[in-house]
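Single-structure report; data block below.
The values are calculated or read from the model by the stated rules, or taken from the named source; none is laboratory data. Given the structure is predicted, the values throughout are model-derived calculations rather than measurements. Please note: Cβ atoms are built from the backbone with ideal geometry, for glycine as well, and neighbour counts cover all protein chains shown. In case anyone asks, the SASA skips ligands and DNA or RNA and just uses the protein heavy atoms, side chains included. Shrake-Rupley method; radii C 1.70, N 1.55, O 1.52, S 1.80 Å.
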Amino acid sequence: MSLLRNLASGLRSLFRKEQVDRELDEELRAYHEMAAEAKMQDGLTRTEALRAVRLERGTLEATKEIIRSGGWESFFDTWRQDIRFALRMLGKSPGFTSVSVLTLALGIGANTAIFSLTDQILLRNLPVPHPGQLFVLRSPGPNHGHTWGDVDQGAQSFSYPMYKDLREWATVFSGLLACRRVTVNVSGHDETQAAHADLVSGNFFDTLEVQPELGRLFTPSDETAPGTNAVAVLSYSYWSRQFGSDPSILDKPLTVNGIPLTVVGVARKGFYGLEIGLTPDLFIPVTMKAQMAPNPNQTLEDRTDRWLPVMGRLKPGMTVARAQAELQPIYQPLLESDAKLLRLSGDDWKRYLAKPLLLAGGAHGRLVLQEGAEEPLLVLMSMVGLVLLIACANLAGLLVARGEARQREIAVRLTMGAKRARLIRQLLTESLLIAVAGGVASIALAGWCLNAIAAAIPPGDGMGVLANSLDFRVLWFAIGLTLATTILFAFAPAMRATRLDLQSTLKDQGSDVSVGGSNLPLRKVLIVSQVALTAVVLAGAGLLARTLVNLEQTDLGVKTSRVLQFSVAPDLNGSTSVQILAFADRARNEIGAFPGVRSVSISSAPIFEGDDYVSNFTPEGYVPHSGNLPEPGDDSDAMYDYIGPNYFSTMGIPLIAGREFTEADSAASPKVCVINQKMAEHFFAGRNPLGLHMTHGAGKLYANPPMEIVGVVANSKWDGARSDIVPFLYMPYSQDAHLGHLAFYIRTEREPASMAASLRSLIQRLDPNLPVNNLRMLEEQVSNSMFNDRMVAVLSVSLALLAALLAALGLYGVLAYVVARRTREIGIRIAVGGERADILRLVVGQGGRLTVVGAVIGIAAALVAMRWVANLLYGVTAHDPLTFVGVVVLLAIVSGAACYIPTRRAMRVDPITALRYE
Amino acid sequence: MPDKSSDLVQGTLDMLVLKTLALESMHDYGISVRIEQMSKGVFRPNAGSLFLAIQRLQRDGLIDGEWKASDNSRRAKYYALTEKGRKGLNKETREWGRQAAAIARILEAS
């Protein structure tokens, strides 16, 4: 109970200060009175008695002070005093306060924003129990048969029969799930929209230990025979967005691709599937694959169709090494039966059977978004850390200068008996207040930054989910950073400020003619390091900016201006190839008749969307290992696409030899193809390829008819500016036996944006259940594909500008300080006949020297540091001389700007006033 | 004369105050006088230490204070031992005796 009393008493002292004080006063006075009376009885007079008591027992005030500081609450009390005093002092110098708070807010805010992105993309685990037990299965090595891949060059794709075998025989897992993201059409009241669906195995939710928000989730009984599990689970976000969280959708049918699926449940809030960045709208059993995402090369039965990613939860206590070792004997026989089906032989057989089954960490889910984002984020985090250091150096310099300006005040207080520790505490409180204000402002700033970034993200891109989310991790990060920077920039200046030689300080300071107080070397070091750090940040930003420019100016081989694009997926509505072909021809003709359309064409796969189709091709007369294909390994992979007539003229790809496809190339006419220059060189080096034949497929597995090469076109890039030129083969879509998706490209006379509405209504007329996807300018599509690079470049340039600004402010501060200190000296020099030019040299010389030293150190550091940026660059090397020269020039400009005002002030010094001031 | 009495260790002064109040309850000046008397002038607590000790003992619940009219009709705060204080005093006294005996033995050892 004494704790309670202690607490109560202390609180009373805090909050009823006056009353407690009065009581204490009364008690002490009584004490002293009685003591004095005792003395008076001994014969002293009243005054003598009181004096004697004071001497013996201590003065009233001193006693009160001792008693007050005895309780625990005195700490808070003095701190409250400190805060009030600090607020007053900060209020007296608004310039200093606002610059400090702003500097800190910018430094910490930038860091918090970047960290938030990094946290969401790289650090967060899947929101499921024990994510450390989850692993992604991968089998790197040669791909044969039909392989689909989004990452890892197809190593993470398995066939459905293979998955089932592994699930049955692999005992190392407590659960093995499969999940594949597809796009489907969902028909609502009067419109059909595209939606993202995850095709999942029956044990998907059980293995991940996810709970339903409503209804039930899938069980193994939802994965029986192909085409029979017509059920669906909604994701929470889709349920709230599309159905307003209406619980009555349970057990009602949802029409997906024309098929009614019964909605059995809703997944719990916050569950977003296995890939961060793209929340699926629906979960559908994998047995519905043929209906949801029809593709003849991705069937449920064929062991040579590899399209299904697999993840597993290891049993508790099982290590990765042990699991991998136990999986090999199970995997080998499965590989062998696949190889037999693929009719592999010789080296191909050996290499295929050598494929291992490995487990990659799955705690962050499948790393689709992370693959491209990891390095840029790390680079940005380093840069933003450097900017924070510069900001701290600025603040330290400001505080040191301020401490110097207050030297007299501090000296007086020290002389009056203030303890040094107490003064330091008080100075630190000031810095802490600045830090708190800066920290609060930084959170607002970070939020604003994230909003800006989120707004710039192209729609449908994976990063869409990364809105401003100031969750607690990020908040703790910001707070921790604020405290760390406070200690970093405030402590040393506070110590210095209170370590005074009292005598000389209290004497008249005006007669100080010598150069530089004890603080100047410190500030010089700060400036030099600021300039050096700025140089590093400038170099990085310069290289990244040039990379972006190079990317944007890369010749893609396609004329992207004034082309409109859109895609449709008629196969999702159950249309057959024949129907789709008829639809495609009809749409093409009708669009071609629009006013202002120069040409229109169709491609099966959309360009610049990262949708790659790769296969083996066998040129005419090819005999394996006979030397008529380039070594090594007889690489016969090429990318391919099915296109319509006038594709090359619409896309602006020059025809080198032969002809384009025409209406005459139909399903019944002879099989033809067009290849690009790279393919011609690769397969037919030297010979004229026109008239020769190519066959789709290699080995004895696929017996496709040979196609006559009727044209050669110039090389173009398929995925985007960074992609390499690869062998490419084009076939007419009329000769595609399994036409499914269509991408339309329309080249117009004038600005095509006005055509968007007419296009939509045309498609609507031709097929009311067909959603129009990705309707935009081709230029915009290209631009979207460079989003990562653009974001990195923009952010790093912003950081570089911020760094330069801070360094300039710091340099300005030091020079202004130097000029102010040496005003008398300058006055004397002018008075005795010195040239103004000498003064100029004095100030600029100081600034220039500091900048040069900083620049040299910085360039050297940058040369080392740019190595880590090398992977992000395009068209520039990490040691690009032009960029580094640019950095030097920029630093010169920055330091010149910083020098300007102090120099002018120095030149304008009036010797009379300077000498008069004492 | 000023600071000789502050040689008293903090805890010891607490104990002496408790003992003083065990005999009879009195106001702060009275405690100081009594301690001086009983120690025959060896200990003369100064106001600061004394009041600190009283505050501590109050907060720990060992003594209770109450404003009363003093002998010369002046208001003064009178302190008295609580039950907890009485028990605490006994404990402290025993402990102190043990320590003092131990020190004496060490010092007398040859």
Condition check: farther than 25 Å from B:Arg34 by Cα, more than 8 Å from chain B (Cβ to nearest Cβ) and open to solvent by less than 40 Å² (accessible area, probe 1.4 Å). Does A:Ser74 satisfy that?
yes
Would region A:506-514 turn up any residue that is aliphatic (A, V, I, L, M), modelled with pLDDT under 90 and surrounded by 14 or more Cβ atoms within 10 Å (Cβ to Cβ)?
yes
Residue list for region A:26-41, filter: surrounded by fewer than 17 Cβ atoms within 10 Å (Cβ to Cβ), of a type in the set (A, V, I, L, M) and facing chain B (nearest Cβ under 10 Å)
A:Ala38
Scope region B:36-63; condition open to solvent by 30 Å² or more (accessible area, probe 1.4 Å), within 16 Å of A:Ala35 (Cβ to Cβ) and either facing another protein chain (nearest Cβ under 8 Å) or among the small types (Gly, Ala, Ser) (or both); matching residues:
B:Gly41, B:Arg44, B:Ser49
If I filter region A:339-356 down to residues being open to solvent by 60 Å² or more (accessible area, probe 1.4 Å) and assigned to a helix (DSSP H, G or I), which single residue comes out as nearest to A:Asn297 (Cα to Cα)?
A:Leu341
By residue number, the members of region A:150-178 that are part of a strand (DSSP E or B), open to solvent by less than 40 Å² (accessible area, probe 1.4 Å) and out of contact with any Phe, Trp or Tyr (no Cβ under 6 Å at 6 or more places or on another chain) are A:Phe158, A:Phe173, A:Gly175, A:Leu176
A:Leu44 fails exactly one of the following numbered conditions: (1) crowded, with 16+ Cβ neighbours inside 10 Å; (2) free of Cβ contacts under 8 Å to residues at least 60 places away in the same chain; (3) more than 9 Å from chain B (Cβ to nearest Cβ); (4) part of a helix (DSSP H, G or I). What is the number of that condition?
(4)
Please give the helices (runs of 4 or more DSSP H) falling wholly within region A:836-918 in which 3 or more residues are basic (Lys, Arg).
A:836-865
Note on region A:49-61: residues in a helix (DSSP H, G or I), surrounded by 14 or more Cβ atoms within 10 Å (Cβ to Cβ) and more than 7 Å from chain B (Cβ to nearest Cβ) are A:Ala49, A:Leu50, A:Arg51, A:Ala52, A:Val53, A:Arg54, A:Leu60
Residue set A:Thr118, A:Thr147; condition open to solvent by 40 Å² or more (accessible area, probe 1.4 Å) and of a type in the set (Val, Ile, Thr); output residue A:Thr147
Condition check: within 10 Å of another protein chain (Cβ to nearest Cβ), at pLDDT 80 or above and touching a Lys or Arg at 6+ places or on another chain (Cβ under 9 Å). Does A:Glu23 satisfy that?
yes
Could you check how many residues of region A:452-473 are of a type in the set (A, V, I, L, M, F, W, C) and modelled with pLDDT of 75 or more?
6
Candidates A:Leu7, A:Leu87, A:Leu104 - the one that is surrounded by fewer than 16 Cβ atoms within 10 Å (Cβ to Cβ) and touching a residue at least 60 places away in the same chain (Cβ under 8 Å)
A:Leu87
For region A:187-202, which positions are open to solvent by less than 10 Å² (accessible area, probe 1.4 Å) and not charged (D, E, K, R)?
A:Ala195, A:Ala197, A:Leu199, A:Val200, A:Ser201, A:Gly202
Residues that are open to solvent by 10 Å² or more (accessible area, probe 1.4 Å), more than 21 Å from the chain's Cα centre (by Cα) and touching a residue at least 40 places away in the same chain (Cβ under 8 Å), drawn from region A:260-270:
A:Val264, A:Arg268, A:Lys269
Hey, any hits in region A:81-89 for a residue that's part of a helix (DSSP H, G or I) and within 14 Å of another protein chain (Cβ to nearest Cβ)?
no
Yes or no: region A:366-378 includes at least one residue that is more than 27 Å from A:Gly95 (Cα to Cα) and more than 42 Å from the chain's Cα centre (by Cα).
no
Please verify whether region A:553-575 includes one or more residues that are modelled with pLDDT under 95, within 27 Å of the chain's Cα centre (by Cα) and assigned to a helix (DSSP H, G or I).
yes
Looking at (1) over 20 Å from A:Gly312 (Cα atoms); (2) touching a residue at least 24 places away in the same chain (Cβ under 8 Å), can you tell me which one A:His189 breaks?
(2)
Report yes if B:Gly97 is more than 30 Å from A:Ala36 (Cβ to Cβ) and either within 16 Å of the chain's Cα centre (by Cα) or away from every other protein chain (no Cβ under 11 Å) (or both), otherwise no.
yes
Among the candidates A:Ala421, A:Ala446, A:Ala441, A:Ala437, which residue alone is assigned to a helix (DSSP H, G or I), farther than 21 Å from A:Pro493 by Cβ and open to solvent by 30 Å² or more (accessible area, probe 1.4 Å)?
A:Ala441
Residue by residue through region A:811-854, note down the ones that are closer than 14 Å to A:Val525 by Cα, among the hydrophobic types (A, V, I, L, M, F, W, C) and open to solvent by 20 Å² or more (accessible area, probe 1.4 Å).
A:Val852, A:Val853
Just to be sure I understand the filter: pairs with C-beta atoms under 8 Å, separated by 6 or more residues or on different chains, first member in region A:362-373 and among the polar types (S, T, N, Q), second member outside any helix (DSSP H, G or I) and surrounded by fewer than 23 Cβ atoms within 10 Å (Cβ to Cβ). Which pairs pass?
A:Gln370/A:His364
Among the residues of region B:74-94 satisfying the criterion of being without any contact (Cβ under 8 Å) to a residue 12 or more places away in the chain and more than 14 Å from chain A (Cβ to nearest Cβ), which is farthest from B:Leu62 (Cα to Cα)?
B:Arg94
Limited to region A:203-228, what total is found for residues that are assigned to a loop (DSSP other than H, G, I, E, B), open to solvent by less than 60 Å² (accessible area, probe 1.4 Å) and more than 14 Å from A:Leu282 (Cα to Cα)?
6
Step by step: first the residues of region B:18-35, then only those that are away from every other protein chain (no Cβ under 14 Å) and crowded, with 21+ Cβ neighbours inside 10 Å, then the one that is nearest to B:Leu62 (Cα to Cα). Which residue is that?
B:Leu18
Filter result for A:Pro316 (in a helix (DSSP H, G or I) and either of a type in the set (S, T, N, Q) or surrounded by fewer than 18 Cβ atoms within 10 Å (Cβ to Cβ) (or both)):
no
Those residues of region A:271-298 which are out of contact with any Ser or Thr (no Cβ under 6 Å at 6 or more places or on another chain) and open to solvent by 40 Å² or more (accessible area, probe 1.4 Å), in sequence order
A:Leu278, A:Ala290, A:Gln291, A:Pro294, A:Asn295, A:Pro296, A:Asn297
